[in-house]
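Okay, so here's the structure we're looking at.
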Amino acid sequence: MQNNNNTKKVCTITYGCQMSERDAETLTTISESKGFVRTDLPELADLIIINTCCVRESAENKIMGKIGQLKKLKEKKPSLKIAVAGCMVQQPGLVEKLQKKAPHIDIWTGTFDHHQFEKLLDFVDEGGKTAVVSEEACVTTEVAPLAEKGKMRTNVNIMYGCDNYCAYCIVPYVRGSERSRPMDVILDEIKVLVENGCRDVTLLGQNVNSYGKKDGFAYDFSDLLTAIDRIDGLYRIRFMTSHPKDLSDKLIDTVAQGEHICEHFHLPFQAGSNNILKTMNRGYTREYYLERIDRIREKIPEARLTTDIIVGFPGETEEDFEQTLDIVARVPYTQAFTFMFSKRSGTVGATLPDQVPLDTKKSRLQKLMGLQNTRSLEWRQKMLQGRYEILVEGPSKSDPEFLTGRTRGNEIVVFKGEENLIGKLMTVTITSANSWTLFGEA
Ligand code: SAH
Ligand code: SF4
C-alpha cells in the first residue's frame, strides 16, 4: 500500500449519526497506528474506509453509489485497498450479496469487529480479500480509547446498542443489545482527551437516560455527568440521545446545577399522535412527553430543545399528522431533524399494513419542515442583541478572516477576532442571524 512519497494515506468517508462518526474515528486511528496518514482526497489514498449507515434507505442508496464510483479508482490504482464497515454491513445476509455486486471491495467488516481491524489490514496487505461480520459483541470488542490530539470537540461513547425496539428502527438489529461502559473507563478516556486539547465532549448513547441500568451499575447517567463535570480543563459536556420515556427529574436537576453541563436536551418525539406512538412502541404518550418538556423549561428556562420526527409511519392519518404539527407549534425547538418513514427489513414497521404513499409522506415532510424553519428562525431572532458565552473553535470555513465559536446551546457564532482566542471561552453579542448561522461581536 505504498505511494510515491512513501507515506501511505487513508481516506475515511462516513455516513450516519455521531455514533457512526465515532466508529469512523476508531477505524482511522487504527490505520494511523499502522503508518497511514489522513487525507480527505480519495484519489490520493492507499486505503479508503467507507463507514456505513442503514437507518434509512436513502443512506444505503447513497453508499451503494459511492461503492460503485470507487471501482474506477481501483482500476486506475490496483494497489488501493477499500474497506466497507458499519451498520449496513451488519444486516443479515447482505454481505454475501454485496461481495458479488462489488468484488473490488477488499474488506467487509461489521460493527462488532473494530478490534479485528488491524488484523484485517495486514491480511489484505498481503493480497487477500475478507469479510468479517460477527453477529454479536464479544468481551474484547471494546477498542482502546482514543487520544486524539488537538481536537477541541470529541464524541465519547458511554454505551453501545439498544434494547428499545421502536417499530421503525433497525438500530437494535445492527448494533446489538444495550451495554454501558463503566464510569472509570469513561473518565479516564475523557481525561486523556482533555490533556490533548479537547474542551467539549459529547457523550453518546442511543438512550443515555438508561445508562448503566441493564448492567446493574451502582450509579446512573446523572452520577456520570456529575463526575465528568469535575474534570479539570473540560469546558462543555453535551449528551445525546435522551429517550423521553426515561428522562428523570434527577437528570433535569443535574443539568440545571452542573457547571459545564450544557443546557441542551435532544429529545426525539417521533410522532405527535398517541395511536402512532403506541404502534411505534415508543413507551410514552404525547401528554407525558409535553409534561417532560414543561418540567425542563420550568427548571431550566434557557434550555435548548431539539428533536427527531418521522412522518408517514404506517397508519398515520391526516389527523395523526396534525398532532405532530401541534407539538412543533407548542415546543420551541431550536432544531428538528425530520424524516420520511423508511421501510427497514427485519423491523415490525416494514410489515405493518396501511403504508403511507410516498407523495403523502413528501407533502407532510414539506409542511413540517416549513413550520420548523419558521420556529428556528424565531428562536434565532430572539437571540439578537443577547450576550452568549462561546467556546472559540477556529477560523471560519467560509471566511478565514473570521473565527467560529459555539454557544452552550450548540449554536455556531461567526465573529471577528484574533487567532489567540482559539480554545478560549469568551462572550459575544449576537448582531445578526440567518437560517443557519449567527453573527456576533466580541
Ligand atoms: N436512539 C435515538 C435514535 C437513533 S436513529 C432515539 O431513540 O431517539 C436517529 C433517528 O432516525 C430517529 O430518532 C428517527 O427519527 C430516525 N429513524 C430511525 N429509523 C427510521 C426509519 N425507519 N425511517 C425514518 N426515520 C428513521
Ligand atoms: Fe432506534 Fe428506538 Fe433504540 Fe432509538 S431507542 S435506537 S429509535 S430502537
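Side notes on the structure shown:
- Volume of the convex hull of the chain (Cα atoms only), normalised per residue: 152 Å³.
- Restriction of the GluC sites (Glu not before Pro) in segment 222-290 to DSSP coil positions whose beta-carbon has at most 11 other beta-carbons within 10 angstrom yields E259.
- Overall form of segment 387-441 per C-alpha gyration tensor (a/c, 1.5; a/b vs b/c): oblate
- Percent accessible area from carbon and sulfur atoms, the chain, protein chains only, probe 1.4 Å: 50 percent
- Derived value for segment 359-416: Kirkwood hydrodynamic radius 13.6 Å. Basis is the mean of 1/r over every pair of different alpha-carbon atoms.
- Count Lys and Arg as plus one, Asp and Glu as minus one, and take only other residues whose Cβ is under 11 Å from that of V10; the net charge is then +2.
- Over all directions, the projected convex hull of the C-alpha atoms in segment 74-138 averages 4.3 nm² in area.
- Estimated vicinal HN-Hα couplings, Hz - segment 190-205 in sequence order (Karplus 6.51, -1.76, 1.60; Gly, Pro = x): 5, 4, 5, 4, 5, 4, 8, x, 6, 10, 9, 10, 10, 7, 10, x
- Shape of segment 312-419, Cα gyration tensor, a/c cut at 1.5: prolate
- Remark: segment 56-65, residue by residue, has Karplus-estimated 3J(HN,Hα) of 10, 4, 4, 5, 4, 4, 4, 5, 4, x Hz, where x stands for each Gly or Pro and the curve is 6.51 cos²θ - 1.76 cosθ + 1.60 at θ = phi - 60°.
- As a length-normalised measure over Cα pairs under 8 Å and 6 or more apart, the relative contact order of the chain settles at 10 percent.
- Per-q log10 I(q)/I(0), segment 215-342, q = 0.17, 0.19 Å⁻¹ (Debye; single scatterer per alpha-carbon; no solvent): -0.89, -1.05
- Both the radius of gyration and Dmax for segment 319-366 are 12.8, 35 Å, in that order, over alpha-carbon atoms.
- Accessible surface, per residue, of the chain when the full set of protein chains is kept, probe 1.4 Å, Å²: 45 Å²
- Alpha-carbon Debye profile of segment 9-132, log10 I(q)/I(0) at 0.22 Å⁻¹: -1.48
The values are calculated or read from the model by the stated rules, or taken from the named source; none is laboratory data. Everything numeric here is computed off the predicted structure, so don't read it as measured data. Ideal geometry is used to build each Cβ from the backbone, glycine not excepted, and the neighbour counts take in all protein chains shown. These area figures cover heavy atoms from the full protein model, side chains too; ligands, DNA and RNA do not enter into them. Shrake-Rupley method; radii C 1.70, N 1.55, O 1.52, S 1.80 Å.
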